[in-house]
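One structure is given below, encoded as C-alpha coordinates.
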Amino acid sequence: MTPAFELEGETATTHHTNSANNGANDNQIGFKSRVSVIGSGSWGSVAAKLVAFNTLNLSSFHDEVKMWVFEETLQSGEKLTDAINRTNENIKYLPGIKLGKNVIADPDLDNAQEDVHFVYGHDVYIQLKMQTCWFLSPPHQFIDNICKSLVGKVRSDAEAISLIKGMEVKIEGPCLISTYISEQLGINCSVLMGANLANEIAEEKFSEATVGYRNNREIAEQWVQLFTTPYFMVTPVQDVEGVELCGTLKNVVAIAAGFVDGLDMGNNMKAAIIKFGLREMRDFCKLLFSSVKDDTFFESCGVADVITTCFGGRNRKVAEAFAKNGGKRSFDELEAEMLQGQKLQGVPTAREVYEVLRHWGLLELFPLFATVHEICSGCLPPSAIVIYSEKKPRLPV
Ligand SMILES: NC(=O)C1=CN([C@@H]2O[C@H](COP(=O)(O)OP(=O)(O)OC[C@H]3O[C@@H](n4cnc5c(N)ncnc54)[C@H](O)[C@@H]3O)[C@@H](O)[C@H]2O)C=CC1
Ligand SMILES: O=C(CO)COP(=O)(O)O
(Lines give C-alpha, C1' and ligand atoms only; values in the text may rest on other atoms or scores of the structure.)
(Ligands and ions follow the chains in the order given, each with its own letter.)
Protein backbone atom coordinates (compact mmCIF):
# COMPACT_ATOMS: atom_id res chain seq x y z
CA MET A 1 0.00 0.00 0.00
CA THR A 2 1.31 3.47 -0.87
CA PRO A 3 1.92 5.56 2.22
CA ALA A 4 -0.23 8.66 1.87
CA PHE A 5 -0.18 10.43 5.16
CA GLU A 6 2.60 11.98 7.16
CA LEU A 7 2.28 12.11 10.95
CA GLU A 8 5.01 13.67 13.01
CA GLY A 9 7.52 12.76 10.37
CA GLU A 10 6.38 9.17 10.04
CA THR A 11 4.24 7.60 7.33
CA ALA A 12 0.93 6.08 8.23
CA THR A 13 -0.32 3.26 6.09
CA THR A 14 -3.77 4.26 4.85
CA HIS A 15 -5.77 7.18 3.53
CA HIS A 16 -5.95 10.63 5.04
CA THR A 17 -8.85 12.99 5.52
CA ASN A 18 -8.46 16.47 4.08
CA SER A 19 -8.51 19.35 6.52
CA ALA A 20 -12.11 20.30 5.67
CA ASN A 21 -13.55 17.01 6.75
CA ASN A 22 -10.97 16.26 9.36
CA GLY A 23 -12.61 13.80 11.69
CA ALA A 24 -15.28 12.63 9.27
CA ASN A 25 -12.97 10.10 7.67
CA ASP A 26 -10.85 9.48 10.71
CA ASN A 27 -12.01 5.95 10.87
CA GLN A 28 -10.13 5.31 7.65
CA ILE A 29 -6.81 6.11 9.20
CA GLY A 30 -4.64 3.17 10.05
CA PHE A 31 -2.32 3.62 12.94
CA LYS A 32 0.94 1.99 13.58
CA SER A 33 1.38 0.05 16.75
CA ARG A 34 4.36 0.79 18.87
CA VAL A 35 6.29 -1.94 20.67
CA SER A 36 8.01 -1.45 24.01
CA VAL A 37 10.15 -4.07 25.65
CA ILE A 38 10.25 -3.90 29.41
CA GLY A 39 13.40 -5.59 30.62
CA SER A 40 16.84 -5.88 29.08
CA GLY A 41 18.45 -9.01 30.46
CA SER A 42 19.80 -11.63 28.09
CA TRP A 43 16.34 -12.77 26.99
CA GLY A 44 14.78 -9.31 26.93
CA SER A 45 17.61 -8.16 24.65
CA VAL A 46 17.22 -11.11 22.28
CA ALA A 47 13.46 -10.57 22.22
CA ALA A 48 14.03 -6.92 21.33
CA LYS A 49 16.31 -8.04 18.50
CA LEU A 50 13.67 -10.44 17.12
CA VAL A 51 10.89 -7.89 17.26
CA ALA A 52 13.02 -5.05 15.92
CA PHE A 53 13.86 -7.15 12.87
CA ASN A 54 10.14 -7.53 12.21
CA THR A 55 8.93 -4.00 12.92
CA LEU A 56 11.21 -2.80 10.13
CA ASN A 57 9.31 -5.00 7.70
CA LEU A 58 5.74 -4.81 9.04
CA SER A 59 3.95 -1.66 7.89
CA SER A 60 1.51 -1.82 10.81
CA PHE A 61 4.27 -1.22 13.37
CA HIS A 62 6.55 1.69 14.11
CA ASP A 63 10.12 0.83 13.29
CA GLU A 64 11.45 1.91 16.65
CA VAL A 65 11.41 -0.56 19.55
CA LYS A 66 12.00 1.03 22.91
CA MET A 67 13.69 -1.21 25.46
CA TRP A 68 13.39 -0.26 29.10
CA VAL A 69 16.64 -0.78 30.97
CA PHE A 70 17.03 -1.18 34.71
CA GLU A 71 19.77 1.40 34.86
CA GLU A 72 23.15 0.52 36.25
CA THR A 73 26.66 1.90 36.02
CA LEU A 74 29.20 -0.33 34.34
CA GLN A 75 32.73 -0.83 35.66
CA SER A 76 33.92 1.68 33.04
CA GLY A 77 31.70 4.30 34.68
CA GLU A 78 29.34 4.43 31.68
CA LYS A 79 25.61 3.97 32.17
CA LEU A 80 24.30 0.70 30.70
CA THR A 81 21.67 2.58 28.67
CA ASP A 82 24.29 4.85 27.10
CA ALA A 83 26.50 1.86 26.34
CA ILE A 84 23.63 0.03 24.61
CA ASN A 85 22.72 3.07 22.51
CA ARG A 86 26.37 3.75 21.65
CA THR A 87 27.27 0.20 20.62
CA ASN A 88 23.85 -1.22 19.69
CA GLU A 89 24.78 -4.15 21.97
CA ASN A 90 23.77 -4.99 25.50
CA ILE A 91 27.38 -5.23 26.52
CA LYS A 92 26.57 -6.54 29.99
CA TYR A 93 23.80 -9.09 29.41
CA LEU A 94 24.25 -10.01 25.74
CA PRO A 95 27.72 -8.94 24.60
CA GLY A 96 28.73 -9.33 20.99
CA ILE A 97 25.21 -9.27 19.55
CA LYS A 98 23.88 -6.31 17.54
CA LEU A 99 20.30 -5.62 18.55
CA GLY A 100 19.30 -3.64 15.46
CA LYS A 101 19.63 0.10 15.03
CA ASN A 102 15.93 0.58 15.73
CA VAL A 103 16.25 -0.72 19.30
CA ILE A 104 16.51 2.29 21.60
CA ALA A 105 17.44 1.71 25.23
CA ASP A 106 15.69 3.94 27.73
CA PRO A 107 15.96 3.95 31.54
CA ASP A 108 12.67 5.83 32.01
CA LEU A 109 9.70 3.48 32.28
CA ASP A 110 7.30 6.34 31.55
CA ASN A 111 8.67 6.63 28.03
CA ALA A 112 7.48 3.13 27.23
CA GLN A 113 3.95 4.50 26.82
CA GLU A 114 4.68 7.89 25.31
CA ASP A 115 2.48 7.42 22.26
CA VAL A 116 -0.67 7.59 24.35
CA HIS A 117 -1.01 11.36 23.76
CA PHE A 118 -0.08 10.96 20.15
CA VAL A 119 -2.96 8.59 19.57
CA TYR A 120 -5.57 10.35 21.70
CA GLY A 121 -4.50 13.70 20.29
CA HIS A 122 -5.63 12.70 16.83
CA ASP A 123 -8.85 11.10 18.00
CA VAL A 124 -8.75 8.40 15.39
CA TYR A 125 -10.45 5.14 14.89
CA ILE A 126 -8.05 2.47 15.96
CA GLN A 127 -7.79 -0.07 13.22
CA LEU A 128 -5.42 -2.27 15.04
CA LYS A 129 -6.57 -3.50 18.37
CA MET A 130 -2.98 -3.75 19.45
CA GLN A 131 -2.15 -0.06 19.46
CA THR A 132 0.62 -0.26 21.96
CA CYS A 133 2.26 -3.59 22.55
CA TRP A 134 4.43 -4.36 25.46
CA PHE A 135 6.32 -7.30 26.39
CA LEU A 136 7.71 -7.80 29.78
CA SER A 137 10.83 -9.77 30.41
CA PRO A 138 12.50 -8.88 33.70
CA PRO A 139 13.22 -11.71 36.13
CA HIS A 140 10.00 -12.44 38.00
CA GLN A 141 11.23 -11.14 41.35
CA PHE A 142 11.16 -7.58 39.94
CA ILE A 143 7.78 -7.52 38.22
CA ASP A 144 5.98 -6.27 41.33
CA ASN A 145 7.80 -2.92 41.42
CA ILE A 146 7.69 -2.51 37.65
CA CYS A 147 3.92 -3.02 37.53
CA LYS A 148 3.39 -0.66 40.46
CA SER A 149 5.25 2.11 38.68
CA LEU A 150 3.16 1.56 35.52
CA VAL A 151 -0.25 1.55 37.22
CA GLY A 152 -2.56 4.15 35.68
CA LYS A 153 -0.14 4.98 32.89
CA VAL A 154 -1.01 2.31 30.35
CA ARG A 155 -3.91 2.70 27.95
CA SER A 156 -6.55 0.07 28.51
CA ASP A 157 -6.48 -1.29 24.95
CA ALA A 158 -2.74 -1.94 25.03
CA GLU A 159 -1.73 -5.55 24.67
CA ALA A 160 1.00 -7.17 26.71
CA ILE A 161 2.91 -10.39 26.44
CA SER A 162 4.96 -11.81 29.28
CA LEU A 163 8.19 -13.68 28.64
CA ILE A 164 8.74 -14.11 32.36
CA LYS A 165 9.18 -17.61 33.72
CA GLY A 166 8.07 -17.46 37.33
CA MET A 167 5.02 -16.80 39.46
CA GLU A 168 3.77 -14.65 42.31
CA VAL A 169 2.58 -16.28 45.50
CA LYS A 170 -0.02 -14.28 47.39
CA ILE A 171 -1.70 -15.16 50.68
CA GLU A 172 -4.75 -16.36 48.77
CA GLY A 173 -2.65 -18.62 46.54
CA PRO A 174 -0.43 -18.65 43.47
CA CYS A 175 -0.90 -16.04 40.79
CA LEU A 176 0.45 -16.28 37.27
CA ILE A 177 2.61 -13.34 36.21
CA SER A 178 0.34 -12.72 33.21
CA THR A 179 -2.67 -12.55 35.54
CA TYR A 180 -0.79 -10.25 37.87
CA ILE A 181 0.13 -7.93 34.97
CA SER A 182 -3.49 -7.96 33.73
CA GLU A 183 -4.83 -7.18 37.18
CA GLN A 184 -2.31 -4.46 37.96
CA LEU A 185 -2.40 -2.69 34.59
CA GLY A 186 -5.93 -3.49 33.44
CA ILE A 187 -4.78 -4.90 30.11
CA ASN A 188 -4.85 -8.26 28.38
CA CYS A 189 -1.65 -10.25 28.72
CA SER A 190 -0.56 -13.22 26.62
CA VAL A 191 2.62 -15.23 27.22
CA LEU A 192 5.54 -16.48 25.15
CA MET A 193 7.48 -19.46 26.50
CA GLY A 194 9.58 -22.21 24.97
CA ALA A 195 12.92 -23.92 24.60
CA ASN A 196 14.68 -20.61 24.22
CA LEU A 197 18.21 -20.39 25.55
CA ALA A 198 18.86 -16.72 24.85
CA ASN A 199 22.49 -17.08 23.77
CA GLU A 200 21.58 -19.56 21.04
CA ILE A 201 18.78 -17.45 19.59
CA ALA A 202 21.05 -14.41 19.77
CA GLU A 203 23.36 -16.29 17.38
CA GLU A 204 20.37 -17.03 15.15
CA LYS A 205 20.38 -20.76 15.81
CA PHE A 206 16.96 -22.31 15.17
CA SER A 207 14.48 -22.34 18.02
CA GLU A 208 10.75 -22.79 18.56
CA ALA A 209 8.45 -20.99 20.96
CA THR A 210 4.82 -21.09 22.08
CA VAL A 211 2.49 -18.12 22.44
CA GLY A 212 -0.19 -18.82 25.04
CA TYR A 213 -3.34 -16.76 24.62
CA ARG A 214 -6.67 -16.55 26.42
CA ASN A 215 -9.38 -16.13 23.79
CA ASN A 216 -8.35 -13.63 21.13
CA ARG A 217 -6.76 -15.56 18.28
CA GLU A 218 -6.24 -12.35 16.28
CA ILE A 219 -4.01 -10.91 18.99
CA ALA A 220 -2.12 -14.19 19.24
CA GLU A 221 -1.48 -14.10 15.49
CA GLN A 222 -0.10 -10.58 15.81
CA TRP A 223 2.34 -11.74 18.47
CA VAL A 224 3.34 -14.66 16.26
CA GLN A 225 3.96 -12.22 13.42
CA LEU A 226 6.01 -9.92 15.63
CA PHE A 227 8.30 -12.65 16.93
CA THR A 228 8.65 -15.05 14.00
CA THR A 229 11.90 -14.97 12.05
CA PRO A 230 13.49 -17.57 9.78
CA TYR A 231 15.27 -18.99 12.82
CA PHE A 232 12.50 -18.47 15.40
CA MET A 233 9.28 -20.39 14.86
CA VAL A 234 6.27 -19.47 17.00
CA THR A 235 3.08 -21.50 17.51
CA PRO A 236 -0.06 -20.07 19.16
CA VAL A 237 -1.85 -22.22 21.75
CA GLN A 238 -5.09 -21.29 23.48
CA ASP A 239 -3.95 -22.26 26.96
CA VAL A 240 -2.26 -19.33 28.64
CA GLU A 241 -2.14 -21.06 32.03
CA GLY A 242 -0.62 -24.29 30.70
CA VAL A 243 1.98 -22.48 28.62
CA GLU A 244 3.01 -20.13 31.41
CA LEU A 245 3.12 -22.78 34.13
CA CYS A 246 5.26 -25.05 31.95
CA GLY A 247 7.77 -22.22 31.50
CA THR A 248 7.72 -21.53 35.21
CA LEU A 249 7.95 -25.04 36.62
CA LYS A 250 10.60 -26.41 34.30
CA ASN A 251 13.17 -24.24 36.09
CA VAL A 252 12.63 -26.33 39.24
CA VAL A 253 13.23 -29.51 37.25
CA ALA A 254 16.40 -27.94 35.80
CA ILE A 255 17.75 -27.34 39.30
CA ALA A 256 17.23 -31.04 40.05
CA ALA A 257 19.02 -31.93 36.79
CA GLY A 258 21.92 -29.73 37.86
CA PHE A 259 22.19 -31.61 41.17
CA VAL A 260 22.34 -34.87 39.24
CA ASP A 261 25.13 -33.49 37.05
CA GLY A 262 27.02 -32.13 40.06
CA LEU A 263 26.84 -35.54 41.71
CA ASP A 264 27.95 -37.21 38.48
CA MET A 265 24.95 -39.51 38.47
CA GLY A 266 24.74 -39.88 34.71
CA ASN A 267 22.38 -39.24 31.86
CA ASN A 268 19.96 -42.03 32.71
CA MET A 269 19.35 -40.50 36.12
CA LYS A 270 18.90 -37.11 34.53
CA ALA A 271 16.35 -38.57 32.13
CA ALA A 272 14.51 -40.04 35.14
CA ILE A 273 14.49 -36.62 36.77
CA ILE A 274 13.08 -35.10 33.59
CA LYS A 275 10.34 -37.74 33.54
CA PHE A 276 9.43 -37.24 37.21
CA GLY A 277 9.63 -33.52 36.73
CA LEU A 278 7.28 -33.50 33.76
CA ARG A 279 4.81 -35.59 35.72
CA GLU A 280 4.86 -33.15 38.66
CA MET A 281 4.59 -30.23 36.24
CA ARG A 282 1.48 -31.76 34.72
CA ASP A 283 -0.06 -32.56 38.11
CA PHE A 284 0.69 -29.10 39.49
CA CYS A 285 -0.76 -27.41 36.40
CA LYS A 286 -3.94 -29.46 36.56
CA LEU A 287 -4.28 -28.86 40.28
CA LEU A 288 -4.29 -25.13 39.66
CA PHE A 289 -6.21 -25.08 36.37
CA SER A 290 -8.27 -28.04 35.24
CA SER A 291 -8.46 -26.31 31.84
CA VAL A 292 -4.77 -26.97 31.10
CA LYS A 293 -4.49 -29.09 27.95
CA ASP A 294 -2.38 -32.27 27.69
CA ASP A 295 -1.18 -31.19 24.24
CA THR A 296 0.47 -28.11 25.73
CA PHE A 297 3.13 -30.33 27.33
CA PHE A 298 4.18 -31.45 23.86
CA GLU A 299 4.71 -27.91 22.59
CA SER A 300 8.00 -26.06 22.79
CA CYS A 301 6.94 -24.59 26.15
CA GLY A 302 6.62 -28.11 27.60
CA VAL A 303 8.92 -31.04 27.08
CA ALA A 304 11.27 -29.11 24.76
CA ASP A 305 11.93 -26.38 27.31
CA VAL A 306 12.50 -28.94 30.08
CA ILE A 307 15.09 -30.72 27.96
CA THR A 308 16.99 -27.65 26.79
CA THR A 309 17.11 -26.12 30.27
CA CYS A 310 18.16 -29.40 31.90
CA PHE A 311 21.08 -29.63 29.48
CA GLY A 312 22.06 -26.06 28.64
CA GLY A 313 20.47 -23.61 31.07
CA ARG A 314 21.80 -21.40 33.84
CA ASN A 315 19.66 -23.09 36.51
CA ARG A 316 21.30 -26.41 35.68
CA LYS A 317 24.76 -24.89 35.63
CA VAL A 318 24.56 -23.18 39.02
CA ALA A 319 22.81 -26.18 40.61
CA GLU A 320 25.65 -28.38 39.36
CA ALA A 321 28.18 -26.12 41.08
CA PHE A 322 26.04 -26.11 44.23
CA ALA A 323 26.04 -29.93 44.35
CA LYS A 324 29.75 -30.13 43.55
CA ASN A 325 30.38 -27.91 46.57
CA GLY A 326 28.22 -30.21 48.71
CA GLY A 327 25.73 -27.38 49.28
CA LYS A 328 28.32 -25.40 51.26
CA ARG A 329 28.20 -22.34 49.03
CA SER A 330 24.80 -20.70 48.72
CA PHE A 331 22.93 -20.24 45.47
CA ASP A 332 23.11 -16.46 45.93
CA GLU A 333 26.89 -16.58 46.16
CA LEU A 334 27.26 -18.93 43.19
CA GLU A 335 24.76 -16.97 41.11
CA ALA A 336 26.66 -13.72 41.68
CA GLU A 337 29.97 -15.34 40.86
CA MET A 338 28.91 -17.42 37.86
CA LEU A 339 26.24 -15.30 36.21
CA GLN A 340 27.50 -11.74 36.80
CA GLY A 341 24.17 -10.06 37.22
CA GLN A 342 21.95 -12.59 35.46
CA LYS A 343 19.28 -14.11 37.66
CA LEU A 344 18.15 -17.66 38.37
CA GLN A 345 14.43 -18.29 38.44
CA GLY A 346 14.46 -21.92 39.62
CA VAL A 347 15.41 -21.25 43.22
CA PRO A 348 12.69 -18.65 44.00
CA THR A 349 10.17 -20.70 42.01
CA ALA A 350 10.99 -23.85 43.99
CA ARG A 351 10.34 -21.87 47.19
CA GLU A 352 7.07 -20.49 45.84
CA VAL A 353 5.87 -23.91 44.69
CA TYR A 354 6.82 -25.33 48.08
CA GLU A 355 4.81 -22.64 49.87
CA VAL A 356 1.77 -23.40 47.76
CA LEU A 357 2.05 -27.14 48.31
CA ARG A 358 2.63 -26.77 52.04
CA HIS A 359 -0.37 -24.44 52.31
CA TRP A 360 -2.52 -27.09 50.64
CA GLY A 361 -0.94 -30.00 52.53
CA LEU A 362 0.18 -31.60 49.27
CA LEU A 363 3.96 -31.77 49.67
CA GLU A 364 3.93 -35.56 49.74
CA LEU A 365 2.42 -35.69 46.28
CA PHE A 366 5.25 -33.63 44.79
CA PRO A 367 8.44 -35.20 46.15
CA LEU A 368 10.71 -33.83 43.43
CA PHE A 369 9.53 -30.23 43.75
CA ALA A 370 9.61 -30.46 47.55
CA THR A 371 13.08 -31.97 47.65
CA VAL A 372 14.51 -29.35 45.30
CA HIS A 373 13.44 -26.58 47.64
CA GLU A 374 14.64 -28.43 50.73
CA ILE A 375 18.06 -28.84 49.12
CA CYS A 376 18.24 -25.24 47.88
CA SER A 377 17.38 -23.94 51.34
CA GLY A 378 20.02 -26.13 53.00
CA CYS A 379 17.60 -28.43 54.86
CA LEU A 380 18.80 -31.44 52.88
CA PRO A 381 22.10 -32.29 51.17
CA PRO A 382 22.23 -32.34 47.33
CA SER A 383 22.35 -36.16 47.41
CA ALA A 384 18.78 -36.10 48.74
CA ILE A 385 17.67 -35.62 45.17
CA VAL A 386 17.59 -39.44 45.14
CA ILE A 387 17.80 -40.63 48.72
CA TYR A 388 15.65 -38.85 51.26
CA SER A 389 15.61 -40.01 54.88
CA GLU A 390 16.71 -43.48 56.06
CA LYS A 391 17.94 -44.19 52.54
CA LYS A 392 14.38 -44.62 51.25
CA PRO A 393 13.87 -43.58 47.66
CA ARG A 394 12.18 -40.23 47.77
CA LEU A 395 11.29 -40.17 44.11
CA PRO A 396 8.05 -41.88 43.09
CA VAL A 397 9.04 -45.06 41.29
N1 LIG B 1 17.97 -16.00 29.48
C2 LIG B 1 17.27 -16.94 28.88
O3 LIG B 1 17.82 -17.81 28.19
C4 LIG B 1 15.79 -16.96 29.05
C5 LIG B 1 15.16 -16.29 30.07
N6 LIG B 1 13.79 -16.35 30.18
C7 LIG B 1 13.10 -15.65 31.26
O8 LIG B 1 13.17 -14.25 31.02
C9 LIG B 1 13.10 -13.56 32.25
C10 LIG B 1 14.22 -12.56 32.29
O11 LIG B 1 15.45 -13.21 32.29
P12 LIG B 1 16.73 -12.70 31.52
O13 LIG B 1 16.40 -11.82 30.37
O14 LIG B 1 17.51 -13.94 31.24
O15 LIG B 1 17.46 -11.79 32.61
P16 LIG B 1 18.99 -11.91 33.08
O17 LIG B 1 19.07 -12.92 34.15
O18 LIG B 1 19.86 -12.10 31.88
O19 LIG B 1 19.32 -10.47 33.63
C20 LIG B 1 18.87 -9.97 34.87
C21 LIG B 1 18.03 -8.75 34.59
O22 LIG B 1 17.50 -8.28 35.83
C23 LIG B 1 17.55 -6.87 35.80
N24 LIG B 1 17.46 -6.37 37.16
C25 LIG B 1 18.39 -6.49 38.16
N26 LIG B 1 17.91 -5.86 39.27
C27 LIG B 1 16.70 -5.37 38.96
C28 LIG B 1 15.70 -4.64 39.67
N29 LIG B 1 15.86 -4.31 40.94
N30 LIG B 1 14.55 -4.30 39.02
C31 LIG B 1 14.34 -4.65 37.75
N32 LIG B 1 15.24 -5.34 37.01
C33 LIG B 1 16.40 -5.70 37.61
C34 LIG B 1 18.85 -6.58 35.10
O35 LIG B 1 18.88 -5.26 34.63
C36 LIG B 1 18.79 -7.59 33.97
O37 LIG B 1 18.08 -7.05 32.90
C38 LIG B 1 13.18 -14.64 33.36
O39 LIG B 1 11.88 -14.88 33.84
C40 LIG B 1 13.73 -15.85 32.63
O41 LIG B 1 13.31 -17.06 33.21
C42 LIG B 1 13.03 -17.01 29.29
C43 LIG B 1 13.61 -17.67 28.24
C44 LIG B 1 15.02 -17.70 28.04
O1 LIG C 1 14.24 -20.53 30.04
C2 LIG C 1 15.28 -20.79 29.54
C3 LIG C 1 15.40 -21.57 28.30
O4 LIG C 1 14.16 -21.77 27.68
C5 LIG C 1 16.53 -20.36 30.19
O6 LIG C 1 16.80 -21.19 31.25
P7 LIG C 1 17.92 -20.77 32.32
O8 LIG C 1 17.39 -19.56 33.05
O9 LIG C 1 18.10 -21.95 33.18
O10 LIG C 1 19.13 -20.43 31.51
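The values are calculated or read from the model by the stated rules, or taken from the named source; none is laboratory data. This structure is a prediction, so every number in the text was calculated from the model and none was measured. Using ideal geometry, Cβ is built from the backbone for each residue, glycine included, and neighbour counts are taken over all protein chains shown. Only protein heavy atoms, including side chains, enter the accessible area calculation; ligands, DNA and RNA are left aside. Shrake-Rupley method; radii C 1.70, N 1.55, O 1.52, S 1.80 Å.
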Cα-centre dipole for the range 31-238 with unit charges at Cβ (Lys and Arg positive, Asp and Glu negative), debye to 20:
220 debye
If you average the C-alpha positions of the range 195-235 and of the range 251-287 separately, how far apart do those two centres end up, in angstrom?
25 Å
Under a 1.4 Å probe, counting only protein heavy atoms, His359 has an accessible area in Å², nearest 10, of 130 Å²
Leaving out ligands, DNA and RNA, and with a 1.4 Å probe, what % of the accessible surface on the range 218-374 is carbon or sulfur?
50 percent
Could you check what % of the DSSP bridge pairs in the range 31-238 are antiparallel, to the nearest 5?
25 percent
What does the accessible area per residue of the range 247-397 come to in Å², with a 1.4 Å probe and no ligands, DNA or RNA counted?
45 Å²
Filter the cross-link list Lys49/Lys324; Lys92/Lys324; Lys293/Lys324; Lys165/Lys328; Lys79/Lys328 down to pairs whose alpha-carbon distance in this structure exceeds 32 Å.
Lys49/Lys324; Lys293/Lys324; Lys79/Lys328
Please report the orientation-averaged projected area of the range 263-397, defined via the convex hull of its C-alpha atoms, in nm².
8.6 nm²
Taking the range 31-238 as the region of interest, what is the percent of Cα-Cα pairs per 10 angstrom bin, listed from the shortest bin to the one with the maximum distance?
9, 36, 39, 14, 2
Can you work out the FRET efficiency for the pair Gln225 and Thr73, with r the C-beta to C-beta distance and R0 = 45 Å, to the nearest 0.05?
0.75
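Please compute the net charge surrounding Asp261, taking Lys and Arg as +1 and Asp and Glu as -1 over other residues with Cβ under 10 Å from its Cβ.
Surrounding charge for Asp261 is +2.
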When all C-alpha to C-alpha distances in the range 62-104 are sorted into bins of 10 Å, what percent of pairs does each bin hold, rounded to whole numbers?
30, 58, 12, 1
Regression test value, accessible area per residue of the range 31-238, probe 1.4 Å, units Å², expected 40 Å²
